[in-house]
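Student: A single structure is presented below for examination.
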Amino acid sequence: MFTRLRQAAQRTMMPPNYSGEFRQKAKDIMLKFLRSKASGVLGILLIGLLVIAFGLWGVADTFTGFSNSVIASVGDRKIERQEFQVRYVQATRDFSRQLGTTLSAADAANLGITQQVLINMMGSAALYEAADDLGLGFSDDAIAQSILADPSFAGVNGQFDEPTFRAVLSQNGLNEKLFVEDQRRFHITNQLTDASIDRGLVPKLLIENLYKHFLERRIANYMILTLEQTDETGEPTDEELETFFNETKLRFAQPETRSGHALVVSPARFAELITIDRASLEEEYELSMSDFTVEETRKIDQLVLSDDTEAEEARKLIGEGVPFVEIVDAVGQTLDNSDLGEVKRSDMISADLAEIAFAMEKDEVSDVIEGPLGYVVLRVRDVKPGSVQPFEAVEEQLRQRVIYDRALEDMLAFTETVEDELAGGETLENIGQRFDLDVIKIENITNNGKSLDGTQQVIMARYDQLATLMFDSAIGEDIPMQEMEDGTFIWLRLNEITPTVVPPLKEVRDAVTAEWKVDERSKLLQAMAEHMVKVGNETGSFKAAAEGFKRKPLVSEPMTRQISNDTFSEEAVTRLFNVGKDEFAWAGVGFGGEIIVMQVADIIEAEAGDSAARDIILEGEQRKYHADLTNQFVRSLQDNYGTSINETNLNLATRELVTR
């Protein structure tokens, strides 16, 4: 079995014969070449060629293998189903990142992402149509320049880097051609909005009123009410429980789960097949001697002399045996200026100076030397000799490293075998059996990688990205091989999707009963809060409102409308600012099922001299004001050009994603 695995790896180490469309090959070659050439004029020309090529091929060519069903149009501009699906997936990923959890396509549809994506695409289409009618444009060279200058695509050297470019686009659900078209649309429509909408001025009176509104502060007397302060409820009747369950079914729904298989290939598995003889290790030791060498370091002073006069003076003093410190002082410098610190040979600015410095004895002072910075004098203050670990001391470490490196090489070669087998219709299970590899069954996981009972398989805990992959994929879809951080390769296959399901009442009766009791006590708590507010507003006294409670109200710090925390929720702050001085209000607290009853104890007007706050308010209102103008402008353009939506194709496009 081991022999077949190793032979398969060796067979596939021959250079692969890639096939595909000419344009795809040309694109890949061009982008790869950009890595090293995109830093100058040639890079600009290459990016320009890339932009022109994408423009000629068109965005629709991005979606080979699909029909071009139109789901909507604005004037003559069509919105294709395939681009909508790309935007839909992209929006779902963005929303998932914001929520910190993976949303399935079904979750996204329930949240209204379908409508939001379509609205945005139709708005963009209207602006682009208007810009086109006005003859606005953005040249290929300008797009190329903007791509090269974008810091998001810079590598470690600060220049455009093709792998970074592809990685950023992939993370955002884009490909190269769609990105280039997006850039063109953005810059063209930006010309339109810059010349019109962004010129709109926010009225000064509005800013003054908003300033007073936002910076007004209030102090509250308040008391927290908890469920423990209400009476226990009895048991619900069957009718009450059934009614409550029908109204709150989603609380008890079991989330969507997915099942599949994973073929796992690890470096350790291949390492079992590899043996290294001593001669090979000794050869590797000689080749990698620098890895086991501690370089010699020296503490060196380098006195730089400014001209021939100082050089002559230094020569004279050195010849007389004057100490280095006095030579430094004689030319008007200090030891701080001459101290290079503890350096290796490679740290020296000049190889010639390094050769001299590392040949000197400790405390030796050199003659005047002509270096790249002018005349210099060197002194060696201390020497730390270098050392080399003997072969015997590093033999086992070296053995493991060589085995691991060769295992990785064999693994990379073996991936071609796996890909060929899968392309030929072979299953992960058969491949695993043939080559004695681990094939792990992943059963009924939710989008957090755990089972419904909260347990988690070892593979899902070790590689948390697998859950995201399974929930982003469709049954029967080819999921690309994944390389994990520890060097393990994993092939995934999604076998089954179990949609969200609400169990019958009899299966969750105890949980529903407990929720019903909490809900009933919450109603009692609200009634208590409403009574306190009523009494408080009638009497103006918190003491009267809280009669029967054995505690006094607390007093808050001054707060603005922007405050929100575990005590004063956003709803509580809004209600507090909606009533007058000495008046009462209630709301839920920021966390949990408790309620806060509040009285406005004092109102502090905004201070007139806070210019920084005024600027912040102006900036925020300008953004909202321009957004409102944009919406009005877009609606006007859509009315002028005419819009249409093909509901059948829209539903089909969404359904295709949901059923994946």
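Student: Sorting check: for 572-578, 347-353, which peptide has the highest mean count of neighbouring beta carbons within 10 Å, and how do the rest follow? Walk me through the numbers before you get to the answer.
Tutor: Details: 572-578: 18.6, 347-353: 15.0.
Answer by packing, highest mean first, reads 572-578, 347-353.
Student: Now, a different point. Report the residues of the stretch 533-555 in range of a label on ILE603: point 7 Å along Cα→C-beta, backbone N strictly under 20 Å from it.
Tutor: Answer for this model: 533-534, 536-542.
Student: Quick one: which residues, 5+ away or cross-chain, put their amide H under 5 Å from the amide H of ALA587? H built at 1.01 Å from N.
Tutor: ILE596
Student: Under the rule of at least 5 residues apart or a separate chain, name every residue whose amide H is placed under 5 Å from the amide H of THR500.
Tutor: Sorted by chain and number, the residues that satisfy this are GLU256.
Student: Check each of the chymotrypsin sites (Phe, Trp or Tyr not before Pro) in the stretch 472-556 and keep only those in coil by DSSP with at most 15 other C-beta atoms within 10 angstrom; list them in order.
Tutor: The qualifying sites are PHE549.
Student: Now, a different point. Could you report the stretch 358-439's accessible area per residue, 1.4 Å probe, as an integer in Å²?
Tutor: Details: 4510 Å² over 82 residues.
Result: 55 Å² per residue.
Student: Sticking with this structure for a sec: What is the set of long-range amide H partners of ALA220 at a cut-off below 5 Å, with H atoms built 1.01 Å from backbone N?
Tutor: SER556, ALA601
Student: Also, quick follow-up: Exceeding 18 Å between C-alpha atoms, which entries from my cross-link table qualify? They are LYS450/LYS506; LYS212/LYS534; LYS299/LYS384; LYS550/LYS581. Write down the numbers at each step before the final one.
Tutor: Details: LYS450/LYS506 25 Å; LYS212/LYS534 29 Å; LYS299/LYS384 9 Å; LYS550/LYS581 25 Å.
The pairs that break the limit, which is 18 Å between Cα atoms, are LYS450/LYS506; LYS212/LYS534; LYS550/LYS581.
Student: Follow-up question, since we're still on this one. Excluding ligands and nucleic acids, what accessible area in Å² is computed for MET481 using a 1.4 Å probe, to the nearest 10?
Tutor: Only protein atoms counted, so the area is about 60 Å².
Student: Further, regarding this structure: Mind checking the full-extension length gain between LEU652 and THR226? Use 0.36 nm per residue of separation minus the Cα-Cα distance, one decimal, nm. Walk me through the intermediate numbers first.
Tutor: On the way: separation 426, 0.36 × 426 = 153.36 nm, distance 4.88 nm.
Between LEU652 and THR226, full extension yields an extra 148.5 nm.
Student: Something else: With θ taken as phi - 60° and the coefficients 6.51, -1.76 and 1.60, list the Karplus ³J(HN,Hα) couplings across the stretch 590-600 in order, rounded to whole Hz; mark glycine and proline as x.
Tutor: Ordered by residue, 3J(HN,Hα) equals x, 8, x, x, 7, 10, 10, 9, 10, 10, 6 Hz.
Student: What ³J(HN,Hα) values, in whole Hz, does the Karplus curve 6.51 cos²θ - 1.76 cosθ + 1.60 give for the stretch 424-435 when θ = phi - 60°, with x put for Gly and Pro?
Tutor: x, x, 6, 8, 4, 4, 5, 5, x, 5, 5, 9
Student: Another one. So how exposed is ASP76, as accessible area in Å² (1.4 Å probe, rounded to 10)?
Tutor: 130
Student: For the stretch 104-169, build the convex hull from the C-alpha positions and give me its volume per residue in Å³. Could you put the intermediate results ahead of the total?
Tutor: Details: hull volume 7.9 nm³, N = 66.
Output value, Cα hull per residue: 119 Å³.
Student: Please list, by residue number, everything in the stretch 367-398 whose backbone N is under 19 Å from a paramagnetic label point 7 Å out along Cα→Cβ of GLN333.
Tutor: The answer is 367-382, whose backbone nitrogens lie closer than 19 Å to the label point.
Student: Moving to a separate point now. Counting other Cβ atoms within 10 Å, keep those with at most 14, restrict to DSSP loop, and tell me which trypsin sites (Lys or Arg not before Pro) in the stretch 467-531 are left.
Tutor: Hits after loop and neighbour filter: nothing returned.
Student: So what are the ³J(HN,Hα) numbers for the stretch 135-140, from phi and the Karplus equation (6.51, -1.76, 1.60; θ = phi - 60°), rounded to whole Hz, Gly and Pro as x?
Tutor: Going residue by residue, I get x, 6, x, 8, 5, 4 Hz, with x marking Gly and Pro.
The values are calculated or read from the model by the stated rules, or taken from the named source; none is laboratory data. All values reported here derive from a predicted model rather than from experimental measurement. Note that each Cβ is placed from the backbone with ideal geometry, even for glycine, and that neighbours are counted across all protein chains shown. SASA here: full protein model, heavy atoms, side chains in, ligands and nucleic acids out. Shrake-Rupley method; radii C 1.70, N 1.55, O 1.52, S 1.80 Å.
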